[in-house]
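Asker: Here it is: the structure, laid out below.
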Amino acid sequence: AEEVKYQYQTQKRIRGVVKLFMIQQHNELFVFFHQVEKKMPEKYIREESMIRGPKFVVRLRSHTVYENSAIKIFCTVEGYPTPQVIWCATDDTAMYTAVASNTHGQVSSQASIIVKSKTFSPVFWNLNAILPEIKYTKINITYTETFDVTFGKEGDKVTLTCKMIINPNLANLQPEALWYRDEYLLKESKWVKMESGGGVAKLTLTQLAKDDEGLYTLRMVTKGGDAVHSAYVFRISDIHDANRDYVIVSWKPPNTTTEGPIIGYFVDRCEVGTENWVQCNDSPAKICKYPVQGLFEGHSYYFRVRAVNSRGTGRPSRMSEPIAALDPTEFERLHATKLGGRLDVVTYYDDLEAPGPPSKVCASETDRTYVVLSWVPPVYHSKAPMWYYIEKLQVGAGSWQRVNTKVPIRSPRYAVFDLLEGKNYQFRVLSANMYGVSEPSEPTSTVTTLQLKGVPSAPGQVVATRETDTSVLIQWAPPKDPNNLIGYYIDSCVKGSKDWTSANHKPHKQTRFVVHGLTTGETYVFRVQAINELGLSDESQESAPLSVRAALKLPSSPYDVSLLYCDGESMVINWKQPIHSGGAEVTDYYIDKCNVAKKTWKEVNIPPIKERLHKVIGGLTAGSVYQFRVYGANLIGLGDASTPSAPFKCEAWTMPEPGPAYDVTFTEVRDDSVVVEWKAPVYSGASAITGYFVEKSKKGSDNWSKVNESSVNHCYLKVSICGLETGESYLFRVQAENAQGIGVASTPSDPACIKALPGAQEIKCGVDEESGDIYLSFESCQMTEKSKYVWKKSYQEITDFSKGIVVKTSGSHSTLLFKNPDKEDLGTYSVSVTHTDGASASYKISAEELEKMLALSYDIRNPIIPLKTELAYKILERGRMRFWLQAEGISSAVTYKFFANNKELVNCEQTKMSHDAATGIIEMVMDHFTDDSEGTFTVQIQDGRAKAQSSLVLIGDAFKAALAEAEYQRREYIRVKEGTALILITQVACFCEMLQFFILILGQDVSQIDISGKAFDDIINELSRIAGSSAAELSIQCTAEGIMLQCHMKYYTEEMKIHWKQKDSKISASERMRIGGNPAMATLEIVEPTDKDKGMYTFEIVDPEKTHSRILDLSGEHRGKVIGGLPDVVTIMEKKTLSLTCTVCGDPKPLVSWSKNEQELELSDQYVIALDSGKFASLTIKGVSLEDSGKYTMTVLNKYGGESVDIIVSVYKHGDKIPDVKPTPFTSCFLPSVNRNQHRFL
């Protein structure tokens, strides 16, 4: 602000000096200085809006030095484009000037250097000798809280925060917080807000946009160095050139992974100080660069870009910084003369003749349709305005043509538009003023405009490697044809889906990128697209699938190496496993030993050790002192060695007390309790161990206190809230006891913070309502990919599953099932989850609780269906017998079986079975109740696991009464239903004679004729002859339960001798093979047919003279089939031609038909159906449209049957995203029937 104020005051003084000078000059000279004065406020206004001009952040400072001393003067300047700095000086003791300039202006800074001669003073040197050396205060910065990888939607407010400890924290010596994005220093602006102080540094992005995406770095700068932290920010247009009357705007194309392809772009402008946005181009720009013309000289503008696709226009980009439309060399023609102090006089050189030609004409930038020319103006002293003319020449195609005939060019830089792509041009420039036109400049060398080569080729192979448990490192090969490559977009997708997600929204320039925000354990594939001004390349090939998990590393070192026993010749040692496994299980350990006296480390074992308990044998000298160190190894390799153990003397243990317990751990941490576990000592002392004592100590304290007053005889103890403080950390150790006393204390456990995990769950106990199994269920509040559930009884891992104990785990749930529970299952059960922060719980099953659960389990496993009525009978009309019972309630899925004298009855015409779930009635109707029906009838019912059974005994008088009633009802039915006169005439040929039988029933009178015995057999034989000679070929019909073979004839009765055969094997009636018929035909129904039911079927009718046979082939070998060639789903762009072709077979050759959406396809010029050589079937649809989308079905059929195939066709418009159609393949096989005649066949 002070610099701007100074510049303004300087300009004000210049205007005052100019006015004094004008009073003494000629009128013409007065006019000239009036023009200069007029330009000065314009210059101030323009400089104020040109915020990209050079600016000194740190100005030069004056210095006083002794002769022959080195001196370094420096300054810091910023601007865009990067300013060029020129240094000026007169002599060694003078004013040094740094002039910084770019296309938007220039600034300068000055400093004086005063050089003094050295004078040696004894007093001076004595003072130096006694003065202490000056040292800078070193400030240490430790970050306590940092920002992580951050994701945000466009327009969101995002804040990055770092908290730190500053030591020492001096009020007058605070560190400076510098924020960077992709190594570019950020400054306070409308979009970026910064705060620093009180141990906190914050950066706020007020409105997240694509340009805000990148790597953000905070540098806390002190004299002792920098404290740096970095992380990515992801989001879920640039100004290329400026001149008097045009600006070239360029931008980067967006990532369109989840949207339709970009058609073009609209560029908008808004003059500074207004809110009026004006669209600059009428039609969308195809490339990411556009020249905006028609600007007012000296005015400043904002610019923004909007992308367009088939669905419309997207949201505008963030607007650019304000850009001034003016000649960047405007002020180079102003010359300043120093008057002394801070006063300058600005003048124009003037001359009264035509200017000379420009020089050094060159093309500073070349594009497809324009070239930016720049040149050096001629030496010009005239006050008359000067302008330029530009001429172009297309090499080999004509003469010189003037480019700017209407608008004069006043700056030595101009963009020539409307050129042809890929053509050769030359340019020259002429300068002019009111006195004439100069000679043309020297032509430029041949300039070739760029030719549209298209987007870059697809990037090469993409390789994904693990980094962390939520990120993956992606690397790829650059495209073979970059075509002015801008950068890359990276996409990720869960394996097996087509839902691609953009990993970055700002083009990435490197060929490696870290994709953050992935789900741990999920498997992903990745792809990359390259971009240039024209758009995006094709996608690269997908990377190999990669499961997201942390990259494997070496394990950390084991620790707490302890001695458990020594017999003078060997030593048993133990250690704790590494805290960090490196992402893979630590499987091997290696031990080194060192004789303290010799100080030489040697290997103890060559083969790896699998357990954390090892007996060191050999190489030990009794009485010597040894140290041990241990290495852990995983798949990656060998980790660091542990800290050497304490010195252990190799001498036999003879103390009567037990040795130390080991592997002291803790589990089931809650706010008021913790369970401590350990392993029994290797050395038990002079007698058996009788119990254990547990001691506790606060972390950081050396005071130990007993937890249990009386010893426990097992290797675990639940420590309650007594003596524990919630949130505090404690260490535990264990001492074993025998008859001789209490032994040595174990190595302390790791610190345990007495605070439950967030969301910690307890074990639930109950009885499964479906299976009746007793269960213990646990849901973990933490899970990782490698987590496993470990179930224990009495804190000993359960390994014996032979007694019906089953563990079932699904996700975060694990269940321990008791299939055959008994009293041996009493006790305490616990579960722990590995690779978590201690997720665990326990449950104690008491005898009383187990007894209740056993009773409930029995009831669930052995349910009974309650019956309202037992099995009973009722005689129906025609003498039929109905057996029935009623249950309290049954479901529709109930199953049941009826038995007569322990023989299961089949559900058929003679014994029809049914049930009604609404009323609970189950019944069977027996069509023929005869003398053979005497006995016991039983029904067995099952509904789910519930069962019931009921029996009815019909023997002796009870049976005789039922049979008599049944016969009476049969006779009564005949009398009533057949009317007052019924005549049955049957003609029988027997021994070439015709007999006629008449039965006349009138009213209650009954006339009978005996046709039993031989007479009846003769009748049946004659009926068999007539039926056999009239029998038609076998046909097939579909039923609700399967298929039915039918043979039509004049008359059929079950008394005739018939046989159904499959492959020469006689078929017996059963639930699946139902033999029956009606007076017009004989039937065989096959319920739920399978491949075993294929084959040759034969139906035989036997009479005394001949056997009549009918055959049907159900092998399926000769039916019509589709061999292959048809897809399940077809997606095609409209106006294309679709051809569906496949191969069919069958003997005889099958007929083929096509249908669309279950409607027969009519032949037309658009739909062409063909069948070549009886085996190549095709459907061609010419010029497909959206109306052609749907389900197409091809049916293949011959006399043995056939099949149909469905194809889903989806038509989409040009430019639309290819639809994701899920295939629903369906191929149905069928056998020939009359219903198939409705199709049109080829």
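Asker: Just to make sure I understand: if all protein chains stay in place, what is the order of K1217, K649, K786 by accessible area at 1.4 Å, largest first?
Answerer: K1217, K649, K786
Asker: I've got another one for you. Each residue of segment 1141-1149 in turn: what ³J(HN,Hα) in whole Hz from Karplus with 6.51, -1.76, 1.60 and θ = phi - 60°, glycine and Pro shown as x?
Answerer: Once θ is set to phi - 60°, the couplings for segment 1141-1149 become 10, 8, 10, 10, 8, x, 9, x, 4 Hz.
Asker: To continue, here is another question. Sorted by accessible area with a 1.4 angstrom probe, largest first, how do D932, D268, D822, D588 fall?
Answerer: Descending accessible area places them as D932, D822, D588, D268.
Asker: Run the numbers for V379 and A961: contour at 0.36 nm per residue of separation, minus the present Cα-Cα distance, in nm.
Answerer: Details: separation 582, 0.36 × 582 = 209.52 nm, distance 14.15 nm.
Going from the current span to full extension adds 195.4 nm.
Asker: May I pose another question? Sort K163, K252, K792 by accessible area with a 1.4 Å probe, largest first.
Answerer: So, going from the largest accessible area down, we get K163, K252, K792.
Asker: Next up: Assign one of three labels to segment 1009-1084, namely rounded, prolate or oblate, based on the Cα gyration tensor with a ≥ b ≥ c the square roots of its eigenvalues; rounded applies when a/c is under 1.5, prolate when it is not and a/b is larger than b/c, and oblate otherwise.
Answerer: prolate
Asker: Next question. With r defined as the distance between the Cβ atoms of V192 and V85 and R0 fixed at 30 Å, what FRET efficiency is calculated, to the nearest 0.05?
Answerer: 0.70
Asker: While we're on this one: Which residues in segment 1071-1108 have a backbone N closer than 13 Å to a point placed 7 Å from the Cα of V906 along the Cα-to-Cβ line?
Answerer: Within reach of a label on V906, which here means backbone N under 13 Å from a point 7 Å along Cα→Cβ, segment 1071-1108 contributes 1071-1077, 1083-1087.
Asker: Another question, if that's okay. Taking 0.36 nm per residue of sequence separation and subtracting the Cα-Cα distance, how much length would be gained by fully extending the chain between D282 and L757, in nm to one decimal?
Answerer: Working it through step by step, the gained length comes to 164.7 nm.
Asker: For segment 576-583, in order, what is each residue's ³J(HN,Hα) by Karplus, 6.51 cos²θ - 1.76 cosθ + 1.60 with θ = phi - 60°, in whole Hz (x at glycine and Pro)?
Answerer: Running phi through 6.51 cos²θ - 1.76 cosθ + 1.60 with θ = phi - 60° gives 9, 5, x, 5, 10, 7, x, x Hz.
Asker: Using a 1.4 angstrom probe and counting only protein chains, how large is the accessible area of D1147 in Å², to 10?
Answerer: Approximately 90 Å² for this residue.
Asker: Estimate the FRET efficiency between V57 and Y1212 by the formula 1/(1 + (r/R0)^6), using the beta-carbon distance for r and 56 Å for R0, to the nearest 0.05.
Answerer: 0.50
Asker: Something else now. Calculate what fraction, in whole %, of the accessible area of segment 639-721 sits on carbon and sulfur atoms when a 1.4 Å probe is rolled over the protein chains.
Answerer: In segment 639-721, the share of accessible area belonging to carbon and sulfur is 48 percent.
Asker: Separation of segment 779-800 and segment 859-923 by C-alpha centroid, Å?
Answerer: What the calculation gives is 49 Å, centre to centre.
Asker: Okay, next question. Would segment 620-759 count as rounded, prolate or oblate if I go by the C-alpha gyration tensor, calling it rounded below 1.5 in a/c and otherwise prolate when a/b exceeds b/c, oblate otherwise?
Answerer: Oblate shape, in that a/c is at least 1.5 and b/c is the bigger or equal ratio.
Asker: Report, largest value first, the span of the C-alpha coordinates of segment 910-959 along each principal axis, in whole Å.
Answerer: The Cα atoms of segment 910-959 stretch 36, 19, 15 Å along their principal axes.
Asker: Count neighbours as other Cβ atoms within 10 Å of each site's Cβ, and list the GluC sites (Glu not before Pro) in segment 712-768 that are DSSP loop with at most 16 such neighbours.
Answerer: On the way: sites: E725, E728, E737, E762; in loops: E725, E728, E762.
Sites meeting the loop and neighbour criteria: E725, E728, E762.
Asker: Measure off 7 Å from each Cα along the Cα-to-Cβ vector at S951 and R975, then give the distance between these two points in nanometres to one decimal.
Answerer: 3.8 nm
Asker: What's the FRET efficiency of T465 with K679 using the Cβ-Cβ distance as r and R₀ = 56 Å, to the nearest 0.05?
Answerer: 0.90
Asker: Next question, about the same structure. Stretch T1141-E1071 to full length: gain in nm at 0.36 nm per residue minus the Cα-Cα span?
Answerer: Here the answer is 20.9 nm.
Asker: To continue, here is another question. Note down the nm distance, to one decimal, between modelled labels 7 Å out along Cα→Cβ at D148 and at A641.
Answerer: Calculated label separation equals 3.8 nm.
Asker: Compute the accessible area per residue over segment 496-555, keeping the other protein chains in place, probe 1.4 Å, unit Å².
Answerer: It amounts to 48 Å² per residue over segment 496-555.
Asker: I need the fraction of alpha carbon pairs in segment 134-220 separated by more than 21 Å, rounded to a whole percent.
Answerer: Numbers: 1284 of 3741 pairs.
Distances greater than 21 Å cover 34 percent of the Cα pairs.
Asker: Once the whole set of protein chains is in place, how much accessible area is left on S310, using a 1.4 Å probe, in Å² to the nearest 10?
Answerer: 70 Å²
The values are calculated or read from the model by the stated rules, or taken from the named source; none is laboratory data. Since we're looking at a predicted model, the values are computed, not measured. When we count neighbours, we look across all protein chains shown, and the Cβ atoms used for this are built from the backbone with ideal geometry, even at glycine. Please note that ligands, DNA and RNA were not included when accessible areas were found on the heavy atoms of the full protein model with its side chains. Shrake-Rupley method; radii C 1.70, N 1.55, O 1.52, S 1.80 Å.
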